[in-house]
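Here the structure is laid out as structure tokens; the discussion comes afterwards.
The values are calculated or read from the model by the stated rules, or taken from the named source; none is laboratory data. This structure is a prediction, so every number in the text was calculated from the model and none was measured. Every residue, glycine among them, receives a Cβ derived from its backbone with ideal geometry; neighbour counts consider all protein chains shown. Heavy atoms of the whole protein, side chains included, go into the accessibility calculation; ligands, DNA and RNA do not. Shrake-Rupley method; radii C 1.70, N 1.55, O 1.52, S 1.80 Å.
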Amino acid sequence: QFKNNGLGRLSEATKCLVTEERNGQYELEMQYPITGRHYKEIIEERIIAARHDDSDDVQPFRIYKITRPMNGIVTVSARHISYQLSKVAVMPFSAETCAGALGGMITNSVGDCPFAFWTDKLLEANFSVDVPSSFRSLLGGTSGSMLDVYGPGEYEWDKWLVRLHSERGEQRDFTIRYGVNLADLQDDTDYSEAFNSCV
């Protein structure tokens, strides 16, 4: 639940960067000194809870790689907990709606699947899993995945809740005006790759 500091706050980290790409990677990279108070607690498969944006909410990232010390600093790489879905197999089934496909993947998953799912996509289309497949690969990134069958969408990974939005965020009318919200504009022309030929 991440209601407390767990094994301790990693306040001595010299750098911590979370990268989230739309329907792509969601990873954390942290640099931590070997003289840090909790250095010995940083081991593979442990979870780092980190703020991923300006909100106060934290997201869990599971450590998968720790580099050897360089100048007394290690680099820790961790993936969002949703990558755990790559280790959940889904047996063959078929569905006709987006919500039905998500429900079918849960029902036909092998072993424990601690994730919950939500979608606002109402499109109807035939979705089928013909051979046992990775849960995460069925969500997107492969032929015949949810994004292939039910059209474009955007995933939101929130701890153990996966939301498939038709559109994440909201459309806002916005005007760019020089001197108001545009401070500078620079126009560069580069002919270094151009060539001319005479025949």
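Return one whole number: the accessible area per residue of the chain in Å², for a 1.4 Å probe.
Accessible area per residue: 68 Å².
Would you kindly give the portion of the calculated P(r) for segment 1-55 that falls above 19 Å, as a percent of all Cα pairs? Walk me through the numbers on the way to the answer.
On the way: 498 of 1485 pairs.
More than 19 Å apart: 34 percent of the Cα pairs in segment 1-55.
Give me the percent of the accessible area of the chain that comes from carbon and sulfur atoms, probe 1.4 Å, all protein chains in place. The partial results should precede the final answer.
On the way: 6420 of 13470 Å².
Of all accessible area on the chain, carbon and sulfur atoms account for 48 percent.
Quick check: residue separation of D57 and A99 times 0.36 nm, minus the Cα distance between them. What number comes out in nm? If you can, show how the numbers build up before the last one.
Working: separation 42, 0.36 × 42 = 15.12 nm, distance 2.66 nm.
That pair, D57 and A99, stretches by 12.5 nm at full extension.
Please figure out what share of the DSSP beta bridges in the chain is antiparallel and state it in percent, rounded to the nearest 5. Could the numbers behind the result be given before it?
Values: 36 of 41 bridges.
Taking every DSSP beta bridge with both residues in the chain, the antiparallel ones total about 90 percent.
Can you count the Lys pairs in the chain with C-alpha separation below 29 Å, eight or more apart or on different chains?
16
Taking the Cβ of G140 as the center, what net charge do the other residues with Cβ under 11 Å away carry, scoring Lys and Arg +1 and Asp and Glu -1?
On the way: positive: R22, R136; negative: D148, E154.
Neighbour charge sum, excluding G140 itself: 0.
Which of the peptides 120-133, 144-157, 72-85, 172-185 is most tightly packed, and how do the rest follow, going by the mean number of other Cβ atoms within 10 Å of each residue? Let's see the in-between values first.
Details: 120-133: 13.4, 144-157: 16.9, 72-85: 18.5, 172-185: 7.0.
Listed from highest to lowest mean packing, they are 72-85, 144-157, 120-133, 172-185.
Using a Förster radius of 41 Å, what is the FRET efficiency between T75 and A183 based on their Cβ-Cβ separation? Nearest 0.05, please. Display every interim value, and only then the final one.
On the way: r = 35 Å, r/R0 = 0.86.
Given R0 = 41 Å and the Cβ-Cβ separation, E is 0.70.
Among T189, L164, I176, flag the residue with its Cα farthest along the positive direction of the charge dipole of segment 156-195, charges on Cβ as +1 for Lys/Arg and -1 for Asp/Glu.
The Cα lying farthest towards the positive end belongs to L164.
Loop-only check: which GluC sites (Glu not before Pro) in segment 22-58 are DSSP coil with at most 15 other Cβ within 10 angstrom? Write down the numbers at each step before the final one.
Numbers: sites: E27, E29, E41, E44, E45; in loops: E44, E45.
The qualifying sites are E44, E45.
For the chain, take the convex hull of the Cα atoms, compute a quarter of its surface area, and give me that in nm², please.
Computed as one quarter of the Cα hull surface, the answer is 20.5 nm².
What order do you get for 10-23, 89-102 when each peptide is scored by the mean count of other beta carbon atoms within 10 Å, highest first? Intermediate results must be reported in sequence, preceding the final value.
On the way: 10-23: 13.1, 89-102: 17.4.
By packing density, highest mean first, the sequence is 89-102, 10-23.
Assuming 0.36 nm per residue, please report the length gained on full extension of the stretch L17 to D190 beyond their Cα-Cα distance. Walk me through the intermediate numbers first.
Values: separation 173, 0.36 × 173 = 62.28 nm, distance 3.37 nm.
Once the chain is fully extended between L17 and D190, it gains 58.9 nm.
Around E96, under 14 Å between beta carbons, what's the net of Lys plus Arg minus Asp minus Glu among the other residues?
Numbers: positive: K121; negative: E124.
It works out to a net charge of 0.
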